[in-house]
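Reading through the structure tokens given below for one structure.
What follows draws every value from the coordinates through simple rules; no lab data is involved. Keep in mind the model is a prediction, meaning the values are calculated, not measured. Counting neighbours? That spans all protein chains shown, and the Cβs are built from the backbone with ideal geometry, glycine included.
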Amino acid sequence: MIKRLFIFTIALLLLQNIFGEIVNIGIYHNNKITSFIFHPEEGEYSVFTEKGKLLKIDKSELLELKYSNNQIHIKSIDKDYGSFKKVRFIGVSATNSFKIKLSKSKRIKVYEDNLFVNLHSYYNYFQLINNIEINNYIAGVVESEVGRSPPPEYFKLQAIICRTYALKNIKRHQAEGFSLCDKVHCQAYNRKPKSELIKAAAKETNDIVIVDSDIDLIVATFYSNCGGETAKSEEVWRQKLYYLRTVKDTFCLHENNAIWEKKIPKIKWINYLINHGFPKGSLKHECDVEYFQNNCREQFFENQNVQIPFTTIRKDFKLKSAQFNVIPEENFVRLEGKGFGHGVGLCQEGAMKMAKTGYSYIDILHFYYEDVHMINLESLDFFKADY
Ligand SMILES: [Zn+2]
Ligand SMILES: [Zn+2]
């Protein structure tokens with residue numbers, strides 16, 4: 001009977017998953033966790049194992065989970081519950097959240113909804129999955145990605161972008177048994193958000209996603225600052241997407257990341273160019289390096305038929321952006337750059353400025369993503385079939 005209840009609970013969770021209300025996020029992804037404390041913060045939790053329901057706990061109690069002989073060993077302050085293969089903490093109150101404290105760390109992180117604990121298939125540590133209502137996850141992502149200072153209208157548009165991005169990439173970690181990880185590889189998701197405004201923004205934009213003219217979820221890319229002009233998708237990646245076009249943006253020009261500067265020793269710069277095929281004779285160390293002005297998102301740094309993509313130079317010198325002028329000075333070349341990030345899609349500092357100026361999140365999204373539509377998830381029949 002107990003076993004049947006366990007299977008029923010898991011089946012119910014999977015069913016909710018199919019309809020997109022719940023997502024599975026791999027938390028502490030790539031951290032080799034072998035023991036931690038689980039402590040309810042809000043609500044009561046039922047604890048299930050593969051053998052059925054083990055116990056119910058509230059915030060007056062805590063449990064320690066330890067990796068031992070390829071099993072999950074559970075104990076409280078005064079009781080040893082034994083060892084198991086799988087553990088599920090299922091919140092049974094109206095709102096549920098829990099704290100996690102890793103054994104060797106003082107840091108406590110809070111998450112909402114449920115926690116699944118598995119044994120990692122090959123290695124000697126746990127896999128932790130936060131089984132969470134999608135809007136709770138989205139609010140956590142928004143706060144992790146942009147902090148708490150932007151205006152409320154901005155939180156709404158960031159929630160729509162993060163939701164679209166999450167659903168577009170929902171199968172990224174399918175082989176590992178969850179949907180998305182909590183690192184920037186997917187979207188940063190650090191913990192339960194502290195801001196009520198962010199939680200409200202995720203709820204208020206409930207189920208809204210951005211689609212293209214084929215009603216496919218768009219690749220909703222964003223970055224910090226475009227430096228005055230956004231980039232076409234094919235300038236940075238191979239894929240040409242009609243909605244990721246060049247947009248002239250004056251909103252971000254006076255924001256924090258609008259301009260940057262970096263000095264590189266001239267000899268290092270010259271050697272770099274020679275290694276990329278620039279003729280040696282034209283770049284004698286004592287000679288001046290040519291002045292290069294990148295006016296309108298030119299793609300290549302070039303000289304005498306040799307071209308180096310600005311995106312490659314950006315990566316090699318860890319530059320803030322791929323838009324910069326090269327100004328020779330005595331012993332250095334000074335790179336005078338614009339913007340921060342890849343430049344494709346939404347410019348966050350420009351969008352924040354627009355939100356402060358009174359533009360709605362719909363106006364802002366249409367400004368940065370060309371000819372897209374905002375629709376309710378329920379309209380995406382194909383999505384449910386594809387999920
Ligand atoms: Zn990931
Ligand atoms: Zn911009």
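Figures for the structure shown
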| read-out | value |
| --- | --- |
| Percent of C-alpha pairs per 10 Å bin, the range 173-262, short to long | 12, 27, 42, 18, 2 |
| Likely footprinting exposure, 105, 60, fewest C-beta neighbours within 10 Å first | 60, 105 |
| Candidate lysines for bridging to residue 248, where Cα separation is under 21 Å - those fewer than 8 sequence places away on the same chain excluded | 232, 240, 320, 338, 353, 356 |
| Positive-pole candidate from 244, 152, 127, dipole of the chain, charges at beta carbon | 127 |
| Square roots of five times the Cα gyration tensor eigenvalues for the chain, Å | 46, 26, 18 |
| Sorted by Cβ neighbour density within 10 Å, fewest at the top, the residues 342, 366 | 366, 342 |
| Förster radius 30 Å - calculated FRET efficiency between residue 272 and residue 183 (Cβ-Cβ, nearest 0.05) | 0.50 |
| Candidate aspartates and glutamates for bridging to residue 194, where Cα separation is under 20 Å - those fewer than 8 sequence places away on the same chain excluded | 41, 42, 112, 113, 133, 143, 145, 153, 182, 204 |
| Of 307, 127, 299, the one that fluctuates the most in a GNM where the chain has Cα springs shorter than 10 Å | 307 |
| For the chain: relative contact order, % (alpha-carbon pairs under 8 angstrom, 6 or more apart) | 15 |
| Helix-derived mean residue ellipticity, 222 nm - over the chain, DSSP H n ≥ 4, -39500 (n - 2.57), to 500 | -7500 deg cm²/dmol |
| Total formal charge among the other residues, if their Cβ is under 10 angstrom from that of residue 22, Lys/Arg +1 and Asp/Glu -1 | -3 |
| Fewest-first sequence of 259, 25, 215 by Cβ atoms within 10 Å of each Cβ | 215, 259, 25 |
| 13 Å Cα-Cα reach of residue 171 towards aspartates and glutamates, excluding residues that sit fewer than 8 places from it in its own chain | 386 |
| Pairs beyond 25 Å (Cα-Cα), from 51/183; 59/106; 199/315 | 51/183; 199/315 |
| GNM top mover of 191, 238, 172 - the chain, alpha-carbon springs below 10 Å | 238 |
| For the chain, size of Cβ-based charge dipole, Lys and Arg +1, Asp and Glu -1, in debye | 1680 |
| Backbone N within the range 197-216 under 11 Å of label point (7 Å from residue 375 Cα along the Cβ vector) | 209-216 |
| For the chain, with +1 on Lys and Arg beta carbons and -1 on Asp and Glu, the positive-most of 140, 57, 341 along the dipole | 57 |
